[in-house]
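The values are calculated or read from the model by the stated rules, or taken from the named source; none is laboratory data. What you see is a predicted model, and the numbers here were worked out from it, not measured in a lab. Positions of Cβ are backbone-derived with ideal geometry, glycine not excepted, and every protein chain shown enters the neighbour counts.
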Ligand code: SF4
């Protein structure tokens with residue numbers, strides 16, 4: 001008999017299949033027939049499966065093989081979008097792609113992006129993420145991310161802030177609490193900031209985060225009117241009262257916080273004053289940084305941009321009226337230039353790389369070479385091309401984020 005137990009994997013009976021969930025929010029189905037080919041089995045707890053007539057070693061080997069096979073059908077539970085699990089043995093490095101992994105722009109703020117996908121559908125989302133997204137999602141094994149991040153921090157050898165700013169909602173990362181605990185323990189990290197829409201927070205979670213003393217939560221809050229808030233969030237399920245309760249509770253608990261509304265012309269200008277009035281009622285005032293909506297090529301762009309003179313005039317009037325600073329300045333972030341991370345290749349280089357998985361958008365593929373990911377445009381990922389070598393001409397190399405095209 002063999003019992004396999006996993007921390008990050010859970011099992012659920014689903015008629016002819018067993019649903020295998022990875023880090024809670026991503027899942028694939030393994031046909032029972034396939035599991036029976038290992039041996040008779042039963043799910044003994046959400047995280048354990050028992051194979052009756054086989055040794056531990058054989059069960060481990062055979063189950064790993066099956067899991068690898070069915071991870072090719074991994075999906076984001078929320079949207080049904082295709083998802084890729086990036087782990088120690090996936091052969092995919094964590095530097096090179098702007099959407100997930102580690103982004104280091106030669107500054108003391110290192111971005112980490114352990115997951116993609118979001119439960120809102122904000123009308124102004126700069127990365128076009130959310131319930132209506134059909135893009136490929138990614139989720140990264142926590143220990144792999146921490147190990148690679150620690151290596152980078154060693155290289156930088158200066159105190160750093162870690163910014164968890166994902167293309168989506170970071171609380172959709174099933175190992176977020178453990179990740180935060182690991183980051184808290186690293187003495188070279190002086191701050192951990194995280195951008196959130198607040199929907200998945202609870203009082204219990206906030207109580208836990210009071211122990212992560214380096215944590216700063218950056219809340220998005222775009223309106224105080226329920227209907228306007230739902231319009232901004234792009235979903236009728238947005239519960240403004242819950243978000244306000246979470247902001248208030250975080251403030252009562254003394255968490256470091258930033259509240260960052262996005263002003264979208266024609267949608268929520270009138271809400272800014274109400275947000276300021278709400279912030280003024282909090283016991284520990286967060287930093288309030290009102291941002292002007294900016295259009296992005298891959299984002300949702302529902303309105304034209306408010307001109308900068310108009311935007312600043314509005315802020316000045318509000319700052320004067322409420323005796324409050326409403327603009328985030330460079331000093332608020334304490335960003336320093338740090339050592340450059342060497343780039344293994346530069347623009348126009350021709351590089352031999354190995355195809356690994358689909359990239360975020362249709363007709364794009366991720367290949368890897370020399371410890372970096374490279375996004376290849378105009379190339380549909382095909383399963384049979386996985387692990388095949390291609391020659392790529394590099395078209396972008398800024399900050400070790402690489403894109404290219406297949407050499408003709
Ligand atoms: S919460 Fe953030 S990631 Fe999600 S849809 Fe809104 S802006 Fe995009």
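Descriptive notes on the structure:
- The helices (runs of 4 or more DSSP H) located wholly in segment 180-270 include none with 3 or more residues which are out of contact with any strand residue (DSSP E or B) (no Cβ under 8 Å at 6 or more places or on another chain), more than 30 Å from residue 144 (Cα to Cα) and outside the structural domain of residue 318 (by TED's automatic domain parsing).
- Of all residues making up segment 157-182, the number that are surrounded by fewer than 21 Cβ atoms within 10 Å (Cβ to Cβ), more than 23 Å from residue 119 (Cα to Cα) and either within 16 Å of the ligand (Cβ to nearest atom) or without any contact (Cβ under 8 Å) to a residue 60 or more places away in the chain (or both): 3
- Within the option set 325, 334, 348, being over 30 Å from residue 260 (Cα atoms) and surrounded by fewer than 16 Cβ atoms within 10 Å (Cβ to Cβ) holds for one residue only, 348.
- The one condition from (1) assigned to a loop (DSSP other than H, G, I, E, B); (2) within 27 Å of residue 187 (Cβ to Cβ) that residue 147 does not meet is (1).
- Taking residues in segment 219-237 that are at pLDDT 95 or above, and partners anywhere that are within 14 Å of the ligand (Cβ to nearest atom) and part of a helix (DSSP H, G or I), the pairs with Cβ atoms closer than 6 Å and at least 6 places apart or on different chains are 222/232; 223/229; 223/232; 226/240; 229/240; 236/230.
- Residue among 293, 333, 278 that alone is farther than 30 Å from residue 159 by Cα, touching a residue at least 12 places away in the same chain (Cβ under 8 Å) and away from the ligand (no atom under 16 Å from the Cβ): 278
- Residue within segment 45-68 that is under 26 Å from residue 382 (Cα atoms) and in contact (Cβ under 8 Å) with a residue 40 or more places away in the chain present: yes
- Restricted to strands (runs of 3 or more DSSP E) entirely inside segment 1-115, those with at least 1 residues that are in contact with a helix residue (DSSP H, G or I) (Cβ under 7 Å, 6 or more places away or on another chain) and surrounded by 13 or more Cβ atoms within 10 Å (Cβ to Cβ) are 2-5, 17-22, 26-31, 41-45, 48-51, 83-86, 101-104, 109-113.
- So residue 154, is it within 15 Å of the ligand (Cβ to nearest atom) and either free of Cβ contacts under 8 Å to residues at least 60 places away in the same chain or surrounded by fewer than 20 Cβ atoms within 10 Å (Cβ to Cβ) (or both): no
- Residue within segment 331-346 that is at pLDDT below 95, out of contact with any helix residue (DSSP H, G or I) (no Cβ under 6 Å at 6 or more places or on another chain) and more than 30 Å from residue 193 (Cα to Cα) present: no
- Residues that are part of a helix (DSSP H, G or I) and either over 30 Å from residue 337 (Cα atoms) or touching a helix residue (DSSP H, G or I) at 6+ places or on another chain (Cβ under 6 Å) (or both), drawn from segment 119-144: 142
- Any hit, segment 207-229, residues being crowded, with 22+ Cβ neighbours inside 10 Å, over 20 Å from the mean Cα position of the chain (by Cα) and more than 18 Å from residue 100 (Cβ to Cβ): yes
- Scanning segment 356-378 for residues being buried (at least 21 other Cβ atoms within 10 Å of the Cβ) and free of Cβ contacts under 8 Å to residues at least 60 places away in the same chain gives a total of 4.
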